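Before any comments, here is the structure.
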Amino acid sequence: MIFKGKVWKFGDNVDTDAIIPARYLTTSDSRELAAHCMEDADPNFVVRMKPGDIILGGENFGCGSSREHAPIAIKAAGIACVVAKSFARIFYRNAFNMGLPIFESRELGDAIREGEKITVDSAKGTITVTKENKTFMINPIPPFMEKLIADGGLMKHISRK
């Protein structure tokens with residue numbers, strides 16, 4: 001899988017309440033969740049971002065409660081993938097279950113500015129900064145988890161069998 005997009009940077013410990021505030025958890029409508037994606041971290045995020053853009057987080061992205069609404073909101077907003085220094089364990093698994101591609105890179109966040117464009121190649125295990133043609137290594141996604149993403153998440157993957 002190859003993802004190309006503009007980077008939106010967020011810091012360390014972005015919790016699920018910043019990704020999708022609890023006041024919107026009365027719905028499971030992905031379009032409604034998308035409209036409020038990252039609202040408490042950046043109130044204008046969904047207005048400024050474009051489908052295919054990439055979120056770049058710091059340490060412990062997705063910490064906090066174990067709500068699946070967080071990766072659903074990100075994916076439904078049109079974010080291609082999330083790259084972070086590290087992910088909270090429950091968010092990591094929920095992301096794959098919901099079909100949201102995520103990648104860990106300890107170096108990328110300190111090496112680029114918000115707005116730069118990158119290419120993530122999950123098969124090669126690389127992230128390339130377009131402007132500088134600088135490449136960073138990432139751990140490739142295991143094939144069975146790539147299949148989950150390609151199928152749109154765990155439930156869609158199971159229903160295809």
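Values quoted throughout were computed directly from the atomic coordinates according to the rules given, and no laboratory measurement underlies them. Fair warning: this is a prediction, and the values are worked out from it, not measured in the lab. Virtual Cβ from ideal backbone geometry, glycine too; neighbours counted across all protein chains shown.
Summary of computed values
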| read-out | value |
| --- | --- |
| Helix-only [θ]222 nm of the chain, DSSP H runs n ≥ 4, -39500 (n - 2.57) each, per residue, nearest 500 | -7500 deg cm²/dmol |
| Pairwise label distance in nanometres, E132 with E59, each label 7 Å out on the Cα-Cβ vector | 2.2 |
| Taking C63, C37 and counting other C-beta atoms within 10 Å, the order from fewest to most | C63, C37 |
| Where only alpha carbons of the range 2-160 are counted, the Rg and the Dmax (Å) | 14.5, 44 |
| GNM flexibility winner over the chain from A77, A88, A123 (Cα, springs under 10 Å) | A123 |
| In order through the range 6-19: 3J(HN,Hα) via Karplus (6.51 cos²θ - 1.76 cosθ + 1.60), integer Hz, x for Gly, Pro | 7, 8, 10, 8, 10, x, 7, 6, 6, 8, 5, 6, 6, 5 |
| Relative contact order (percent, whole number), the chain, Cα cutoff 8 Å, 6+ residue spacing | 24 |
| Pairs from K50/K134; K75/K117; K9/K134; K117/K147; K134/K156 whose Cα-Cα separation, in the structure shown, is over 28 Å | K134/K156 |
| Rel. contact order, % - alpha carbon contacts under 8 angstrom, at least six apart, the range 37-131 | 23 |
